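Written below as structure tokens is the structure these notes are about.
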Amino acid sequence: MLRTLKSTDSDDKFLSAGAKSVVAKASIQDPSLPSDVPYMTAKIFQSEASYQFPLLQNSTSRTLLRLHFYPSPYPNFDISSSYFAVMAGGVTLLNNFSASISVEALSQAYFIKEFYLASSQSAMLGVTFKPSGDKGSFAFVNGIEVVSQRSLGSILSPAGFQ
């Protein structure tokens, strides 16, 4: 199962009740962007917000979580003030994270963070974005991909062993 979200899509059905967000269009399009989607729009959270994504109904499946970031100027938001945490499946994946500092360190305009999550008995994957407590801080993401996949052990059979 592959679920791809773009910030311009109606992804509110995956957001937990009460989660407040703003969709903002980037002010600048860097020529290195591979495409407009998902990078030219961002989902911005000024308070904690969680997504709930359905997973394969198989307790041995692993999950790939791919987060897309393009820390460009967005109207009414200072991207250098964006510090946040991302949690998924009960694990903190990013803490006090700044996408702005990351692109400077990587010398590129955008980047993708990938996380392989262990199998779970749950049929849903919770992904939470939580801005730091600093004034003016916010969390954002340009795109989210969730890929549930069977365990490699169930796909591959051992070679050369009797």
TODO: Within the stretch 51-65, identify whether any single residue is open to solvent by 50 Å² or more (accessible area, probe 1.4 Å) and in a strand (DSSP E or B), and answer yes or no.
DONE: yes
Task: Leading residue by the ranking (most open to solvent (accessible area, probe 1.4 Å)) among those in the stretch 37-50 that are within 25 Å of GLY133 (Cβ to Cβ) and of a type outside the set (Phe, Trp, Tyr) - done: GLN46
Task: Test: PRO34 is over 16 Å from the mean Cα position of the chain (by Cα), closer than 19 Å to VAL147 by Cβ and surrounded by fewer than 19 Cβ atoms within 10 Å (Cβ to Cβ) - done: yes
Open item on the list: Given the options PHE129, PHE138, name the one that is at pLDDT 90 or above, closer than 23 Å to PRO75 by Cα and in contact with a helix residue (DSSP H, G or I) (Cβ under 9 Å, 6 or more places away or on another chain).
Closed with: PHE138
- [ ] Give the residue that is farthest from TYR110 (Cα to Cα), with candidates limited to residues of the stretch 17-29 that are open to solvent by less than 50 Å² (accessible area, probe 1.4 Å) and in a loop (DSSP other than H, G, I, E, B).
- [x] ALA19
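The values are calculated or read from the model by the stated rules, or taken from the named source; none is laboratory data. Note that this is a predicted model, so its numbers are computed, not measured. Glycine gets a Cβ as well: all are built from the backbone with ideal geometry, and neighbour counts include every protein chain shown. When the accessible area is computed, the model is the full protein with side chains, heavy atoms only, and any ligands, DNA or RNA have been set aside. Shrake-Rupley method; radii C 1.70, N 1.55, O 1.52, S 1.80 Å.
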